[in-house]
Each structure stands twice: as structure tokens, then as C-alpha cells.
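Visitor: Let me give you the structure first, and then I'll get to my questions.
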Amino acid sequence: IKSNFINQKLAGKKVIVTAGGTKEAIDPVRYIGNRSSGKMGLAMAQVARDLGADVTLITTIKTNITGIKLIEIQTADQLMTTLKEYFPTTDVLVMAAAVADFKPVNVADQKIKKNDDEDIFTIKLTKNPDILKTIAATKTNQFVVGFAAETQNLLANAEKKLNSKNANVILANNVASAGAGFGVDTNKITLLQKNQAPDTWPLMSKIDVAKKFWDFYLANKL
Ligand code: CTP
Ligand code: CA
């Protein structure tokens, strides 16, 4: 049991974190996924918990983290449904999930069989809704954090997301650079806010990124 009340700076705050890549079903045994490990979101949830927040983690990743409410989902549609239920009563949303941009148009009921005379197999995809943009458009007093996963033109691309996603801040990262990409324990973040110069943080552990983010939140938005 934690008794360090002095450090419970997020006590009384409700925080939702989404984490991990969505898995878009093709058939009962296959899905379309991405390389997100969920580690950045998990760190955000863990540090918020340690600061005394009431944390709900909505994730595609199996974890045995304690002291937070865990909701396991697979697809972008399930993430959207869950957020519609939980977002109205939260104080903060950290949208770290790597939402698949597209999902199969049709999900086969049975395992798809390969066919002897066809060497090419085509899956038709349709766009997923932009969950962050949709959910954040309904915000009243919530503080919303989006991510921007880029492999090039980081600032320009992240700036566009800041202007289109209805989020209070965007945490941009180059997911193809060494030490900052998917799956590793470190990250290099540039924080973007409207009417402020971008703030680039040094390469650090994802836990330290989360600590720095919550310090930023406490310094700016309580
Ligand atoms: N996001 C979302 N719903 C989607 C796609 C993305 O909520 N369908 C969220 C992510 O969780 C992240 C932010 O939007 O917080 C940015 O995701 P990213 O993939 O970097 O940007 P996109 O808007 O999808 O644009 P693109 O992938 O083309 O760069
Ligand atoms: Ca995307």
C-alpha cells in the first residue's frame, strides 16, 4: 500500500490511457496489426497511478499491472465504443494507442482457405474512424493528449495533427529512429501546443518521458 500522500499530486483525477496497436480481424485466426508495443501508454498509466490518479487503461496488450482499471480491447471499433462510454467523466485522456488506419471491409466467419490456382490474395480495406479527433471534439473540460507517430518531417506532420485532432497537446515521436521507435524502452518526444514553440525532450526511458509529461501537466493544467 502506498502511503506517500505528499506525492499523490494527481489524487482525485480520473485518467484514461489507451495503449497498444489495434488488431483488425480478417477471419477467426488472423488480423492486421502494427508494431506498437504499448510500452509508452503503459508507462503513462503507471506513473499516473503512482501519482494517485484513478487510472483506466484501455489496451490491446496483456499486462498484469496492478492498481488501475484494465479494459482489454482488440479493434478500433471496440476502442471507440469504450471511449464513448468513459470519456465524458474523465479528466485526462492520453491517446497512446496505435489505431489501425484501415480495417478489412469484410471479416470472414471461417478461416480463409488458400486456393490452388491463385497466387495473389487481396484484402479490401476501409478507413477506421479517427477516434482521437471524434472523441476530443466532444470535450468539455477534459485535457486530451494525442501522439504523432512519424518517420519523416516530424515537426510539420505533428503540427498538422495538433491543428486537426482537437487535442490540447501532441507528443510527437520518430518511430523509425534508433531508441525512439516501436518496441524499445526509450523515447524521444517533441511536445507541441498551440501558440507555443515545440519543445524537444532528450532521449530518455519511457517511464521518464511519462514522469516529464505528468510534471508538465501538473505545472500547466491543474
Ligand atoms: N488515432 C486515432 N484514430 C485513428 C488513427 C489515429 O485516434 N483512426 C490517434 C492515435 O491514437 C494518435 C493520433 O491519432 O494519438 C495520431 O496517430 P497517427 O497514426 O500518428 O496519425 P494519423 O492521424 O493516423 O495520420 P497518419 O497515420 O496518416 O500519419
Ligand atoms: Ca495512423
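The values are calculated or read from the model by the stated rules, or taken from the named source; none is laboratory data. Model, not experiment: these values are computed from the prediction. Virtual Cβ from ideal backbone geometry, glycine too; neighbours counted across all protein chains shown. Quick note on the areas: whole protein, heavy atoms, side chains included, nothing else; ligands and nucleic acids left out. Shrake-Rupley method; radii C 1.70, N 1.55, O 1.52, S 1.80 Å.
Visitor: Simple spin-label model, 7 Å along Cα-to-Cβ: Asn7 to Gln110 in nm?
Guide: 5.7
Visitor: A further question on this structure: Roughly how large, in nm² to one decimal, is the mean projection of the convex hull of the alpha-carbon atoms in the chain? Don't skip to the end; give the middle numbers.
Guide: Working: hull surface 55.9 nm².
Seen from a random direction, the Cα hull of the chain projects 14.0 nm² on average.
Visitor: With a Förster radius of 25 Å, plug the Cβ-Cβ distance of Ser164 and Gln78 into 1/(1 + (r/R0)^6) and report the FRET value to the nearest 0.05.
Guide: On the way: r = 24 Å, r/R0 = 0.95.
FRET efficiency, Ser164 to Gln78: 0.60.
Visitor: Shifting gears a bit: Identify which of Ile32, Ile207, Ile16 has the largest mean-square fluctuation in a Gaussian network model of the chain, with springs joining Cα atoms closer than 10 Å.
Guide: Answer for the Gaussian network model of the chain: Ile32.
Visitor: Highest GNM mean-square fluctuation, the chain, Cα pairs closer than 10 Å: which of Ile61, Ile120, Ile71?
Guide: Ile120
Visitor: Shifting gears a bit: What is the Cα centroid distance between the stretch 66-94 and the stretch 174-199, reported in whole angstrom?
Guide: One Cα centre to the other: 23 Å.
Visitor: Got a number for carbon plus sulfur as a percent of the chain's accessible area, 1.4 Å probe?
Guide: Details: 6020 of 12250 Å².
The C+S portion of the solvent-accessible surface of the chain is 49 percent.
Visitor: Hey, what D do you get for the stretch 6-89 in µm²/s if you plug the Kirkwood alpha-carbon radius into Stokes-Einstein at 37 °C and 0.692 mPa s? Walk me through the numbers before you get to the answer.
Guide: Values: Rh = 13.5 Å.
Once the numbers are plugged in, D ends up at 243 µm²/s.
Visitor: Still on this structure, please answer the following. Name the residue farthest towards the positive end of the dipole of the chain from the options Pro104, Asn141, Thr75, assuming +1 on Cβ of Lys and Arg, -1 on Cβ of Asp and Glu, about the Cα centre.
Guide: Selected residue: Asn141.
Visitor: Per-residue ellipticity at 222 nm for the chain, helices alone: DSSP H runs ≥ 4 residues times -39500 (n - 2.57), over residue total, nearest 500 deg cm²/dmol?
Guide: Per the formula, -7500 deg cm²/dmol.
Visitor: Given +1 on the Cβ of Lys and Arg, -1 on the Cβ of Asp and Glu, and no further charges, what dipole in debye does the chain carry about its Cα centre, rounded to the nearest 20? Before the final figure, lay out each step's value.
Guide: Details: 29 positive and 21 negative charges, 128 e Å.
It works out to roughly 620 debye.
Visitor: Considering Cα pairs under 8 angstrom that are at least six residues apart, work out the relative contact order of the stretch 1-128 and quote it in whole percent. Mind dumping the intermediate values first?
Guide: Numbers: 243 pairs, mean separation 42.2, N = 128.
This gives 33 percent for the stretch 1-128.
Visitor: Restricting attention to the stretch 106-177, which GluC sites (Glu not before Pro) occupy a DSSP loop and are surrounded by at most 16 other Cβ atoms within 10 Å? Provide the component values of the computation, followed by the final result.
Guide: Values: sites: Glu118, Glu150, Glu159; in loops: Glu118.
Passing both the DSSP loop test and the Cβ count: Glu118.
Visitor: Could I ask something else about it? Between the DSSP loop rule and a limit of at most 15 other Cβ atoms within 10 Å, which trypsin sites (Lys or Arg not before Pro) in the stretch 121-222 are left? Show your work: numbers first, answer last.
Guide: Values: sites: Lys124, Lys127, Lys133, Lys139, Lys160, Lys161, Lys165, Lys188, Lys194, Lys206, Lys211, Lys212, Lys221; in loops: Lys124, Lys139, Lys165, Lys188, Lys194.
For trypsin sites (Lys or Arg not before Pro) across the stretch 121-222 that sit outside H, G, I, E and B with at most 15 neighbouring Cβ atoms in 10 Å, the list reads Lys124, Lys194.
Visitor: Can you give me the angle between helix 154-164 and the longest principal axis of the chain, using Cα atoms only, in degrees from 0 to 90, rounded to the nearest 10?
Guide: 90
Visitor: Moving on. Quick one: if you stick a label point 7 Å off each Cα along the C-beta vector at Lys139 and Ala156, how many nm between them?
Guide: 2.6
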